[in-house]
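Everything on this sheet refers to the single structure shown next.
The values are calculated or read from the model by the stated rules, or taken from the named source; none is laboratory data. Since this is a predicted model, take the numbers as computed values, not measurements. Note: ideal-geometry Cβ built from the backbone for every residue, glycine included; neighbour counts use all protein chains shown.
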Amino acid sequence: METKQKSAIIVGAGLAGSLWAVYLSKAGYKVTIYERRSDIRKAEISAGKSINLAMSTRGWKALDTVGVGDAVREIAIPMYGRIMHSEEGELTHQAYGKEGQAIYSVSRGGVNARLMDIAEEVGNAEIFYNEQCIDADLDQGIIRLKNKETGKVSEAQADVVFACDGAFSAVRYKGFQKLDRFDFSQDFIDDGYREILLPANEDGSYKLDKNALHIWPRGRFMLIALANEDGSFTCTLFMPFEGGENSFKDLTSKEKVDLFFKTTFPDFYEMMPEIGESWEDHPLSSLCIMRSYPWHSGRTALMGDAAHATVPFYGQGMNGSFEDCTVMWELMQKHNENWEAIFEEYSKVRKPDGDALQDLSLYNYHVMRDYVADPEFLIRKKIEAKFSKLYPDMWMPLYSQVTFSNIRYSEALENGNKQSKIMDEIMKFSNIEECWDSDEIMEKMKACL
């Protein structure tokens with residue numbers, strides 16, 4: 001007797017959905033993906049279309065587990081540290097981790113397209129486009145869909161359903177948010193972002209060091225730049241929507257934009273004097289943290305941004321979503337594909353890490369826009385780096401825990417809070433600016449642990 005093939009529906013063909021399709025196909029599932037947008041691969045994926053992303057250890061682990069890491073490495077640019085640009089144009093370099101450690105600049109569209117190709121070609125997943133989820137029966141594994149081109153309404157059912165449809169998830173809204181005792185919150189931060197594409201030089205070369213994340217920290221706001229493969233940089237200005245002279249609300253004309261960049265980011269303005277003309281090439285967008293719990297009900301689970309959307313300031317949104325795939329995959333092995341047990345443990349185990357990632361992301365915004373330009377902060381980082389090099393088993397800096405390890409986000413946050421208290425005490429040492437690298441300071445650090 002022929003056994004029925006296991007089936008899975010994924011709502012959303014974005015980063016998490018495309019990668020999870022590869023995992024499920026590997027486990028023998030017939031995977032069908034429904035995507036409300038048209039096929040992004042048929043549109044021109046241009047740099048500057050959405051925030052460039054930074055791939056780090058957690059993301060690579062998730063990709064390499066199903067053998068797709070090398071396909072993404074082909075389009076990844078290593079960044080070994082931050083380069084801070086002062087208002088006077090002075091450059092300060094800060095390594096991300098130990099020598100040779102890097103995070104990788106990748107195009108969201110480029111990675112997404114590769115994963116969709118692999119899901120279809122290797123995993124035999126089927127992707128249907130312009131299909132908008134309009135309702136979900138979580139217990140029965142049924143979703144209702146409306147085709148955005150024809151208006152036709154249809155239903156689809158599978159053994160399991162995964163909502164990978166982003167921060168404004170339709171499955172979460174139409175299904176989970178109707179459940180009794182389902183917790184949900186959204187918090188829009190005061191700041192928004194606008195992207196700017198810094199073109200390559202006429203000969204195709206880069207105008208900045210491509211192997212670094214560039215930051216123009218200005219206290220309450222900042223500009224960042226990540227390299228693209230074609231010699232350009234995707235730059236993003238993060239700033240309050242309103243309030244004070246340095247806000248998006250105040251930049252109402254080409255002249256005001258030019259003046260703002262000329263006075264606030266003079267070295268950037270020199271590279272792109274036509275900034276005023278390009279200002280509205282990309283929309284002004286908002287930033288939001290969305291929390292929810294539980295992340296499963298019946299045959300349906302939330303993954304990626306649908307469960308734990310965050311702000312982009314730790315460069316971990318994609319990595320955290322990919323790590324959801326790692327965790328779910330490990331639980332599939334542990335529970336021998338008993339989905340009730342898998343989902344139950346997934347929600348309980350992963351929720352604290354989703355919350356911690358959101359807290360870490362907000363914290364790192366302050367680090368990037370303000371602290372990286374603070375001499376005291378830079379001394380703290382030097383002390384930590386030296387102590388970590390001397391005693392690697394005793395101290396791993398918070399950034400390295402989050403970016404260059406697979407330590408749970410919740411554990412990293414807890415460790416980071418303890419380390420911060422120790423560093424507060426160390427920084428009280430008299431003449432710390434002169435003696436930060438002395439044996440005495442290293443011994444005092446040891447004694448605090």
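Data overview
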{"quantity": "Any hit, the stretch 198-213, residues being assigned to a strand (DSSP E or B), at pLDDT 95 or above, under 18 Å from the mean Cα position of the chain (by Cα) and not assigned by TED's automatic domain parsing to the domain that holds H296", "calculated": "yes"}
{"quantity": "Exclusive hit being hydroxyl-bearing (S, T, Y), exposed (fewer than 15 other Cβ atoms within 10 Å of the Cβ) and touching a strand residue (DSSP E or B) at 6+ places or on another chain (Cβ under 6 Å), set S185, S253, S247, S205", "calculated": "S185"}
{"quantity": "Residue match in the stretch 77-95 (condition: in contact with a helix residue (DSSP H, G or I) (Cβ under 8 Å, 6 or more places away or on another chain), of a type in the set (A, V, I, L, M, F, W, C), closer than 26 Å to T236 by Cβ and crowded, with 16+ Cβ neighbours inside 10 Å)", "calculated": "yes"}
{"quantity": "Exclusive hit being part of a helix (DSSP H, G or I), in contact with an Asp or Glu (Cβ under 8 Å, 6 or more places away or on another chain) and surrounded by fewer than 19 Cβ atoms within 10 Å (Cβ to Cβ), set I379, I383", "calculated": "I379"}
{"quantity": "A156 vs. criteria touching a His at 6+ places or on another chain (Cβ under 7 Å) and on the phi < 0 side of the Ramachandran plot", "calculated": "no"}
{"quantity": "Criterion (at pLDDT 95 or above and either within 30 Å of P375 (Cβ to Cβ) or of a type outside the set (A, V, I, L, M, F, W, C) (or both)) met by exactly one of E131, E99, E195, E121", "calculated": "E131"}
{"quantity": "Any hit, the stretch 87-99, residues being polar (S, T, N, Q) and not in a strand (DSSP E or B)", "calculated": "no"}
{"quantity": "Considering residues of the stretch 398-449 that are polar (S, T, N, Q) and not in a helix (DSSP H, G or I) only, the residue surrounded by the most Cβ atoms within 10 Å (Cβ to Cβ)", "calculated": "S405"}
{"quantity": "Whichever residue in the stretch 336-391 is within 26 Å of D439 (Cα to Cα) and among the β-branched types (V, I, T) and, among such residues, is modelled with the lowest pLDDT", "calculated": "V372"}
{"quantity": "Boolean, S278 is touching a strand residue (DSSP E or B) at 6+ places or on another chain (Cβ under 8 Å) and either more than 24 Å from F221 (Cβ to Cβ) or aromatic (F, W, Y) (or both)", "calculated": "no"}
